[in-house]
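Reading through the structure tokens given below for one structure.
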Amino acid sequence: MMSFFQTIKKRRSIRSFSSKSVEKSKIQKILKSSCMSPSAKGLQNYKIFVIEDPKKKENLVKAAHDQEYVNSVLVLVFCADPKRIKFMGTRGEKLLAVQDATIAASYAQLAVTALGLSSVWVGHFKEKAVAQILKTKLRPVVILPVGYGNEKPMSKKNQKMKNIIKQI
Ligand SMILES: Cc1cc2nc3c(=O)[nH]c(=O)nc-3n(C[C@H](O)[C@H](O)[C@H](O)COP(=O)(O)O)c2cc1C
């Protein structure tokens, strides 16, 4: 089993996947990890759509500005569901539910890595088009294509930590 810090280090964006399907038990573990994430008031203000239907995936590629890797064997779409957090006003509706969906996606991405799978966080897409494909009124926040990776991650240069961390 990969340690927590190994998982963080291993997680990289992968944009090419093999056609090997993802085992049902792994899908369950990924979804369970998401549902264990923290959420505003513990209300879990998000919904996770699990998409395996080929036509829907093709349409998601188009809605994501032709990012072909969105057509992986398993596609998860995380949507903000502000119904229950509306009592917190616009902040609840607009921000907290979006944060909940984002955190849930983040937990999923790490679970994906820990299970030997790969993914890429896709945030560049037409919201209305994605909502239409999912037949939902909810706000889509993250598309996460998942599968067995078929490439090495791109080289990456992180900013120096001192540019990011402000000690005050
Ligand atoms: C909010 C957000 C939106 C992103 N949107 C896209 C996207 O639409 N398409 C894509 O290929 N990668 C997308 N990425 C992935 C980033 O490009 C990637 O995480 C970054 O380059 C760092 O590389 P790494 O994930 O391998 O560490 C997104 C990442 C985040 C966090």
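Only one of Leu74, Leu60 is within 16 Å of the ligand (Cβ to nearest atom) and within 15 Å of the chain's Cα centre (by Cα). Can you tell me which?
Going through Leu74, Leu60 in turn, the sole match is Leu60.
Counting only residues that are crowded, with 21+ Cβ neighbours inside 10 Å, among the aliphatic types (A, V, I, L, M) and part of a helix (DSSP H, G or I), how many does the stretch 78-95 have?
Looking only at that region, the number is 1.
Inspect the stretch 145-163 for any residue being over 23 Å from Met2 (Cα atoms), in contact (Cβ under 8 Å) with a residue 24 or more places away in the chain, buried (at least 17 other Cβ atoms within 10 Å of the Cβ) and touching a strand residue (DSSP E or B) at 6+ places or on another chain (Cβ under 9 Å) and give the result as yes or no.
no
Let's see how each residue does on (1) over 19 Å from Ala131 (Cβ atoms); (2) assigned to a helix (DSSP H, G or I); (3) within 12 Å of the ligand (Cβ to nearest atom):
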position: Leu31; (1), (2), (3): yes, yes, no
position: Lys41; (1), (2), (3): yes, yes, no
position: Phe49; (1), (2), (3): no, no, no
position: Lys55; (1), (2), (3): no, yes, no
position: Asp66; (1), (2), (3): no, no, yes
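Take the stretch 15-74 and flag every residue that is in contact with a Lys or Arg (Cβ under 7 Å, 6 or more places away or on another chain) and modelled with pLDDT under 95.
Across the stretch 15-74, there are no qualifying residues.
Taking the stretch 1-28, which residues are away from the ligand (no atom under 16 Å from the Cβ), closer than 19 Å to Pro145 by Cβ, of a type outside the set (S, T, N, Q) and outside any loop (DSSP other than H, G, I, E, B)?
Lys24, Lys26, Ile27
Somewhere in the stretch 106-116, is a residue within 14 Å of the ligand (Cβ to nearest atom), in contact with a Phe, Trp or Tyr (Cβ under 7 Å, 6 or more places away or on another chain) and within 27 Å of Met1 (Cα to Cα)?
Yes, the stretch 106-116 has at least one match.
Scan the stretch 96-126 for residues that are of a type in the set (Phe, Trp, Tyr) and open to solvent by 30 Å² or more (accessible area, probe 1.4 Å) and jot them down.
Tyr107, Trp121
Name, by its number, the condition in (1) surrounded by fewer than 22 Cβ atoms within 10 Å (Cβ to Cβ); (2) of a type in the set (A, V, I, L, M, F, W, C); (3) part of a strand (DSSP E or B) that does not hold for Ala129.
Of (1) surrounded by fewer than 22 Cβ atoms within 10 Å (Cβ to Cβ); (2) of a type in the set (A, V, I, L, M, F, W, C); (3) part of a strand (DSSP E or B), only one is false for Ala129: (3).
Pairs, please: C-beta under 6 Å, at least 6 apart or cross-chain, first residue of a type in the set (A, V, I, L, M) and in the stretch 121-134, second assigned to a loop (DSSP other than H, G, I, E, B) and open to solvent by less than 50 Å² (accessible area, probe 1.4 Å)?
Val122/Ala64
How do the pairs read when you match residues in the stretch 1-14 that are over 11 Å from Leu110 (Cβ atoms) with residues anywhere that are of a type outside the set (Lys, Arg) and not in a loop (DSSP other than H, G, I, E, B), using Cβ under 6 Å and keeping only pairs 6 or more apart or on different chains?
Ile14/Ser118; Ile14/Gly149
Checking Leu138 against (1) open to solvent by 60 Å² or more (accessible area, probe 1.4 Å); (2) more than 14 Å from the ligand (Cβ to nearest atom); (3) within 14 Å of Phe78 (Cα to Cα), which test does it fail?
(1)
The values are calculated or read from the model by the stated rules, or taken from the named source; none is laboratory data. Note that the coordinates shown come from a computational prediction; the quantities given were computed from them, not determined experimentally. Cβ: placed from backbone, ideal geometry, glycine included. Neighbour counts: every protein chain shown. Keep in mind that these areas ignore ligands, DNA and RNA; they rest on the heavy atoms of the full protein, side chains included. Shrake-Rupley method; radii C 1.70, N 1.55, O 1.52, S 1.80 Å.
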